[in-house]
Amino acid sequence: MTELRQRVAHEPDGRPEAEDKESEVETKTDGETASDSESRAEPAPVPTSDDTPEVFNRALSNLSSRWKNWWVRGILTLAMIAFFFIIIYLGPMVLMMIVMCVQIKCFHEIITIGYNVYHSYDLPWFRTLSWYFLLCVNYFFYGETVTDYFFTLVQREEPLRILSKYHRFISFALYLTGFCMFVLSLVKKHYRLQFYMFGWTHVTLLIVVTQSHLIIHNLFEGMIWFIVPISCVICNDIMAYMFGFFFGRTPLIKLSPKKTWEGFIGGFFATVVFGLLLSYLMSGYRCFICPVEFNNDTNSFTVDCEPSDLFRLQEYNIPLVIQSIIGWKTVRMYPFQIHSIALSTFASLIGPFGGFFASGFKRAFKIKDFANTIPGHGGIMDRFDCQYLMATFVNVYIASFIRGPNPSKLIQQFLTLRPDQQLHIFSTLKAHLIDKGMLTASTEDQEAT
């Protein structure tokens, strides 16, 4: 009895030592071993290597690493800008294909990080299900886009009409199949880790696929809504780097030690000026300002329209404070330029937080870049971390302050109705216009009333 009391005194909860250890393992794991938990808390760093091309290493061998990096980044930035101009010249269809390719590459880079960190656990079907869910989400979003913007073409082709009618049900069935496959793939010793990766995949889909879909929607509103926001982010990235490189002294945020307040502020002012100038140049060309629409007669995209008031020069009075400085009382500018100030401000003040978010993510997994796709710049995701945040803002901005009812889409939907439905809408609309005084009632209409 005395021995038993001594044991209880050493074990306050009165449980045997073996039970304590067993309970500790159960509490710690719930389907995950202790080694899993420890490794998850400190994920193994993904190895990185020097991705600078050998030709640059030889040509810049006499420079310090700081200036070497400056030249490498500068040369490849000019190359990427030139590529950007080329795809703009090739038209909206090529732009949409490039957005799709960028989306897939960004998804691949993020999923690969998860696989590299946790591949030692041999999680069943992780990569297969990740790509399957990417396929399902793209089928849903692009199906919605095709139905919305190619409505007449879809109604004209019987197979497309059936797919459009049951599109959401098919999308849900595809996702449900993947969901069931995930449940069937659960392994007892890796429950928690598998659910972590399930969440990883879905958050990646939310960040990458959803926002790339919004980029395409912005493109359909007019190429200017695609080019100006992207260009503002690029300008801010370049100018913040330049100001920070030459004048940077004060650190901005711990997540990105190389970012400085001087670069942040300098990039802001440079981006606002750049946005005003670029908007002025593009607002005069219909190929940039007209919505991208599908021509059913030629089966091709068209960008021809009558410019809206947003893209017509107007005269604005200059505030008295500024008049005393520049000596002008009025200025002629496009209304879109005023909107460009909002876009460039977001790109320079809020957009960088997308980069800070990505920096925090990379620090969590002890990696320098998402990939080594672009020497000196990292992966594609390293270049588009701010673009996705910008795309969401532009889409919300258009929906809130710009977009109105689209007559062409209403007419397309009207023509697909049954004849009796069309007559009912016609009669209702005619009566409404007569009440408004926009139409005069005929003798037959007066007799009917």
**Q.** Neighbour-limited loop hits for chymotrypsin sites (Phe, Trp or Tyr not before Pro), region 264-349 (at most 15 other Cβ within 10 Å; DSSP other than H, G, I, E, B)
**A.** 285, 328
Q) Where the centroid of each part is defined by its Cα atoms, how far is region 313-391 from region 158-211 in Å? A) 33 Å
Q: Please give every one of the lysines within straight-line cross-link reach of residue 409, meaning a C-alpha to C-alpha distance under 29 Å, and leave out same-chain neighbours fewer than 8 residues apart.
A: 165, 430, 436
(Q) For a quick check of understanding: with a 1.4 angstrom probe and all protein chains in place, what accessible area in square angstrom does residue 402 have, to the nearest ten? (A) 50 Å²
Q: Restrict the search to region 91-181; then list the chymotrypsin sites (Phe, Trp or Tyr not before Pro) that DSSP places in a loop and that have at most 15 other Cβ atoms within 10 Å of their Cβ.
A: 125, 166
Q | region 267-352: trypsin sites (Lys or Arg not before Pro) in DSSP loop, at most 14 other beta carbons within 10 Å | A | 312, 329
Q) Can you list the lysines whose alpha carbon sits under 25 Å from that of residue 189, skipping same-chain ones fewer than 8 residues off? A) 21, 28
Q.
I'd like the Karplus ³J(HN,Hα) series for region 125-132: coefficients 6.51, -1.76, 1.60, θ = phi - 60°, whole numbers in Hz, and an x wherever there's a Gly or Pro.
A. 6, 4, 5, 4, 5, 4, 6, 5
Q) For residue 366, which lysines qualify as cross-link partners when the Cα separation must be under 22 Å and same-chain residues fewer than eight apart are set aside? A) 105, 254, 258, 259
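The values are calculated or read from the model by the stated rules, or taken from the named source; none is laboratory data. Keep in mind that what you see is a predicted model, and the values were worked out from it rather than measured. With ideal geometry, Cβ positions are generated from the backbone for all residues, glycine too; neighbour counts draw on all protein chains shown. Ligands, DNA and RNA are stripped out before the accessible areas are found, and what is left, the full protein with its side chains, is counted by its heavy atoms. Shrake-Rupley method; radii C 1.70, N 1.55, O 1.52, S 1.80 Å.
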